[in-house]
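One structure is given here, and the rest of the page talks about it.
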Amino acid sequence: MPRHSDVYDLPAIAAMLYEDHATIPVTEERWLAVVDSVDSQVKMWQAEVRHDLLLLLKSAKNLPPHWFLTPALKPQAVDVTGDEVDFSVIDKASSLFRCGTYGCKDLFGHAAIFDHRHFHNRKWVDILSRLQCEAGTELVVAAVLKNLNLPEDTSLAAMEQLNGRLICLCGHRNSTTFGELVCLILMLLCFTHSR
C-alpha cells in the first residue's frame, strides 16, 4: 500500500486536498465523494510499483556478473510492457533489491522495501531512485537453491522462512538470513574477481 506521502499525490486525494487553494475543510461528504476513485488509483499505483520493480530486475538481469567492475558497461533500458509481462518474477528468490545508501549491504525482497531502515517516510519515487539490483544475484541464488536441493522457482517467501536456520561455513556467523547469505557470496565473488 502507498504511504501517506504517496497517497497525497493520488489525483483524487490531491484534488480534494488542494481544491480552492486548500481552504475547504475535508468533511465526510467530500471524502465519500472521492473514496471510490481512491481504490482504483491505489491499484494503479501498485501496478506502477510492480512495473518499476520488474524493470529494475530485468535491467540487472541483462548485465553480466560484476558489470560494476567494467565502467564501460551501463544498464540498458528493458521493455516490460505488453500483455505477456510476467510479474511473478518479483516473487522469486532471486528477486532481491539493495538500498543504494553508502555502506548499506542489506538485500531484501519487494515486500520488505518499505520497511527498510533507509526508506522510512520516503515517497516511492525517492525509494526507486535509491533502489538497486545486483547483477549476478540470479546466479548466486540458483547455486544456493541447488545446494539446498530446492527448485529454481522457489519463492522468496519460502527462502525467508529459513532465516535464522541458514549457516554460513565461513565462520563469521552462527546463523544468517537468506539475504545476508546471498550478499556474502556476492561480496566473496567480487573480492575473488578483483584479485
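Put in order of Cβ neighbour count within 10 Å, fewest first, the listed residues His4, His116 become His4, His116. Treating r as the C-beta distance of Cys168 and Ala22 and R0 as 45 Å, the FRET efficiency rounds to 0.25.
With each label modelled as a point 7 angstrom along the Cα→C-beta vector, the Gln161-Ala47 pair spans 3.2 nm. Counting neighbouring beta carbons within 10 Å and listing from fewest to most, the residues Phe119, Phe178 come out as Phe119, Phe178. Relative to the current alpha-carbon distance between Asp126 and Leu148, full extension at 0.36 nm per residue lengthens the span by 4.3 nm.
Can you put Ile13, Ile167 in order of Cβ neighbours within 10 angstrom, beginning with the fewest? Let's see the in-between values first.
Values: Ile13 22, Ile167 11.
By the 10 Å Cβ count, ascending: Ile167, Ile13.
Where a number appears in this text, it was derived from the coordinates with a stated rule and is not lab data. Worth saying up front: this structure is predicted, and the values here are computed from it rather than measured. Here Cβ is always computed from backbone atoms with ideal geometry, including for glycine, and neighbour counts include all displayed protein chains.
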